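Read through the structure below, which is laid out as structure tokens, and then see the notes.
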């Protein structure tokens, strides 16, 4: 989850879908129990669910062994939870050091774990900016000499990458 929640009064945190307990949502941690919760009750806040044990009455239908196991597990986890009436819930964005959300950090988070293909940077040295479609789009508007130079540069980069891949396979 991208947001970690530290519970204060529980009034600004979803009981079932926010990551406030075990750094994951209860929906993820206890999927069988979550499926037994009435749809309308899935929107409860932590405060509403814990007050008078309302989360218990939200469970509906026939209860399988797995649902009962998860119910007991949640009961035990909640025995350690104490709400703090004067303290607001704190939502921490995990992708910045400050814990504050920004669109820039969200955009950068999209690329976590992505592979970067650095040889494309070489096109910039040849006067090209952008991606492969930009490269192909430029060919008709530049003169034949520049086209030849760019295509030679692209072929050299392709051959170098292909050579490195072959070496790694051996």
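General remarks:
- Criterion: modelled with pLDDT under 95 and not assigned by TED's automatic domain parsing to the domain that holds residue 7 - qualifying residue of 62, 126: 126
- Per-region count, segment 15-24, residues touching a strand residue (DSSP E or B) at 6+ places or on another chain (Cβ under 8 Å), crowded, with 19+ Cβ neighbours inside 10 Å and within 15 Å of residue 91 (Cβ to Cβ): 4
- Top-ranked residue in segment 25-48 [being free of Cβ contacts under 8 Å to residues at least 24 places away in the same chain and not in a helix (DSSP H, G or I); ranked as surrounded by the most Cβ atoms within 10 Å (Cβ to Cβ)]: 37
- Hey, residue 51 touching a residue at least 24 places away in the same chain (Cβ under 8 Å), outside any loop (DSSP other than H, G, I, E, B), surrounded by 13 or more Cβ atoms within 10 Å (Cβ to Cβ) and out of contact with any helix residue (DSSP H, G or I) (no Cβ under 6 Å at 6 or more places or on another chain) or not: no
The values are calculated or read from the model by the stated rules, or taken from the named source; none is laboratory data. As the structure is a computational prediction, the values presented were derived from the model and not from experiment. A quick note on method: Cβ atoms are made from the backbone with ideal geometry, for glycine too, and the neighbour counts reach across all protein chains shown.
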